[in-house]
1. Yes or no: residue 180 in contact with a helix residue (DSSP H, G or I) (Cβ under 7 Å, 6 or more places away or on another chain) and of a type in the set (Asp, Glu)?
2. List every residue pair whose Cβ atoms sit under 6 Å apart, with the two residues 6 or more apart in sequence or on different chains, where the first one lies in region 216-232 and is at negative phi and the second, anywhere, is open to solvent by 100 Å² or more (accessible area, probe 1.4 Å).
3. Would you call residue 194 away from ligand 1 (no atom under 16 Å from the Cβ) and either surrounded by fewer than 18 Cβ atoms within 10 Å (Cβ to Cβ) or farther than 25 Å from residue 342 by Cβ (or both)?
4. Which members of region 78-95 meet the condition of being open to solvent by less than 40 Å² (accessible area, probe 1.4 Å) and either more than 23 Å from residue 29 (Cβ to Cβ) or more than 16 Å from ligand 2 (Cβ to nearest atom) (or both)?
5. Whether any residue in region 42-59 is under 21 Å from the mean Cα position of the chain (by Cα) and away from ligand 1 (no atom under 16 Å from the Cβ) is what I want to check.
6. Which members of region 225-264 meet the condition of being open to solvent by less than 60 Å² (accessible area, probe 1.4 Å) and of a type in the set (Lys, Arg)?
7. Within region 121-171, track down each residue that is at positive phi and surrounded by fewer than 19 Cβ atoms within 10 Å (Cβ to Cβ).
Amino acid sequence: MSQASTVGVNVVKAFSSPGSIRLTSLPPLALYVHFPWCVRKCPYCDFNSHESKGGTFPEDDYLDALRSDLEQSLPLIWGRQVHTVFIGGGTPSLMSAKGLDRLLSDVRALLPLDADAEITLEANPGTFEADKFAQFRASGVNRLSVGIQSFNEAHLKALGRIHDSAQARHAVEVAANTFDNFNLDLMFALPKQTLAECQADIETALSYAPPHLSLYHLTLEPNTLFAKFPPPLPDDDSSADMQDWIHDRTREAGYERYEVSAYAKPHRQSKHNLNYWRFGDYLGIGAGAHTKLSFPNRILRQMRYKHPATFIDEARSGNAVQEEHEVGSRDLPFEFMLNALRLVEGFPVHRFVERTGLPMTSIEPALQEAERRGLISRDFEKIAPTPLGQAFLNDLQALFLKDS
Ligand SMILES: C[S@@+](CC[C@H](N)C(=O)[O-])C[C@H]1O[C@@H](n2cnc3c(N)ncnc32)[C@H](O)[C@@H]1O
Ligand code: SF4
């Protein structure tokens, strides 16, 4: 069965006009730090990443801007403990060891960070120097997320990656030797990829016994080179075969698929990502970063200036936030479901009420319709997507749209 197909949804009326929201407790808080440069822009990528001209970028200016951004944000999160930090990109592993150390010192100086906080850094195999990663570890990074994508030479070329297969393997070895906790990102359904080639990639990844794997179906994102000049991709049946094989093989190898694309050994789920999927709060600093923060009677979303140079100027003059709005109570059910239904375990009923401040009755018609279509299972405690709901996740989530 293909994820690209639809379930033929005739969307139903989902809401009995919920009133204003009331949160009795605030959710856990995480910090996201965006680093917006890469050596080269990959043709499939729509993240806020910019080619660093000649491999250089204004590190000190950017770190100044990040500190200033964080200082401006503090009044929104006074007194709240931070449980996880994720430094993503872009390619934050381009940062110098000294720069990364300064960043984490600033974070620790300004925020109450848990002593055992999960601190993840995203890394590209084209930027791996063992010494630098040992220093990242010494500065406090305790989880590395390595963007492998594939171990196959031809596929790495087709994806426009800056590294070859040998560098990908070297990167995993450095990650495994330096970090007790690490993740490998791979993509499948790559241009001209066969099932056997996909299997070979996953087997190579498994041979390193990573605590966590993120296995993404390659998607053609708008405004990318791949969207403009689409490469020859495997058809829906072939990519569905790859997906099915991945589910079976990772389970056999001791990984639990706990989210659409995330697989973990026991107790090795990404705490930072779990917080997103559980509709927790996050402060996002850096170019183009997104923020979601809860208050007793409102939920606030912000976005920082996207272009690195603009962000640096604006943040240093005390104004890093480009857009900000309160999430309306009619938008909250869909926003919650966009995250919560990605988790295979679904969510406990009380979490919807706690995190949105809305009563369960506000989504009862949509839940009934989802159940009637076999997309969710539920009891008095818990709501979870069924295998059909997981396969047709977009259709399931669409039932909770305000105009549904
Ligand atoms: C923000 S990137 C950071 C990783 C790092 N910059 C690198 O590429 O090595 C996070 C991950 O998203 C995945 N990704 C990016 N674009 C994608 C796309 N169009 N389809 C599927 N996965 C994608 C890749 O696996 C990538 O490693
Ligand atoms: S290196 Fe990563 S973030 Fe940068 S363009 Fe490629 S996929 Fe995107």
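1. Details: in contact with a helix residue (DSSP H, G or I) (Cβ under 7 Å, 6 or more places away or on another chain): no; of a type in the set (Asp, Glu): yes.
Answer is no for this residue.
2. Final answer for the pair search is 232/192.
3. On the way: away from ligand 1 (no atom under 16 Å from the Cβ): yes; either surrounded by fewer than 18 Cβ atoms within 10 Å (Cβ to Cβ) or farther than 25 Å from residue 342 by Cβ (or both): yes.
Criteria met by residue 194.
4. Hits for region 78-95 are 80, 82, 84, 85, 91, 93, 94, 95.
5. no
6. At the first step, the residues of region 225-264 found to be open to solvent by less than 60 Å² (accessible area, probe 1.4 Å) are 226-227, 231, 234, 238-240, 242-243, 245-247, 249-250, 253-255, 257-264.
Within region 225-264, 249, 257 meet the criteria.
7. Start the filter on region 121-171 by keeping residues that are at positive phi, which leaves 140, 149, 160.
Correct list: 140, 160.
Conditions (1) crowded, with 19+ Cβ neighbours inside 10 Å; (2) β-branched (Val, Ile, Thr), marked per residue:
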residue: 278; (1), (2): no, no
residue: 282; (1), (2): yes, no
residue: 285; (1), (2): yes, yes
residue: 304; (1), (2): yes, no
residue: 315; (1), (2): yes, no
residue: 320; (1), (2): yes, no
residue: 337; (1), (2): yes, no
residue: 348; (1), (2): no, no
residue: 371; (1), (2): no, no
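The values are calculated or read from the model by the stated rules, or taken from the named source; none is laboratory data. Note that the structure is predicted; figures quoted are calculated from it, not measured. Methodologically, a virtual Cβ is constructed for each residue, glycine included, from the backbone with ideal geometry; neighbour enumeration extends over all protein chains shown. When the accessible area is computed, the model is the full protein with side chains, heavy atoms only, and any ligands, DNA or RNA have been set aside. Shrake-Rupley method; radii C 1.70, N 1.55, O 1.52, S 1.80 Å.
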